[in-house]
1. State whether one or more residues within region 77-99 are farther than 16 Å from Y110 by Cβ, polar (S, T, N, Q) and without any contact (Cβ under 8 Å) to a residue 24 or more places away in the chain.
2. Can you tell me which residues in region 16-32 are touching a Lys or Arg at 6+ places or on another chain (Cβ under 9 Å) and at negative phi?
3. Just one of T67, T52 is over 11 Å from the mean Cα position of the chain (by Cα) and buried (at least 18 other Cβ atoms within 10 Å of the Cβ); which is it?
Amino acid sequence: MDQLEHLRVHLKGKVIVAGIGNSMRCDDGVGALLAAKIKDRVPFLVWEVGETPENYLGKIVKENPQTVLFIDAGDFGGAPGEFRIVEAQEIKPANLFATHNASLELTINYLQNNIKADIIFLMIQPKLIAFGDTLSPEVKQTLKVLGEWFLNEGQKEGCRGIGIPNRNSEKNPYSG
């Protein structure tokens, strides 16, 4: 099963998508940028949570979703721009480097103790995480591919959230 099919299998029921990242650290901002690109354009609740996903735990628990998808840059040893679906139980500091490791583990533990949701991560291999506001060409291409996938494939039957109205009828200014 390819990574996008793996993702599609998980996006069932009430889905929350949380884009993690710092847009002032080059590729590290890709999760938040992807969230901004798809927000109010997909049948899921989408939040740009920045560098502190733990600040959204109360909101996530209150929404009681069936699936929580975190999107983040993380070093899993892949080629720049490569992406993988990672199950919550696979997130360990020893096998994945993200600038948010400690908070990701705390976030997972808290959610697993408070809701019965499928918790998954869409991890994107960064090339650059130095200070700067420009994505590497590889990660920029991945952002484009994933954005199009969410906006097109994510709308098809079998990958549709429930009970999530479009909360903003205006066009998203971040869509490219």
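1. yes
2. Within region 16-32, I16, V17, G19, D27, V30 meet the criteria.
3. T67
Here, each number is a calculation from the coordinates, and none is a lab measurement. Fair warning: this is a prediction, and the values are worked out from it, not measured in the lab. Backbone-built Cβ (ideal geometry, glycine too); neighbour counts: all protein chains shown.
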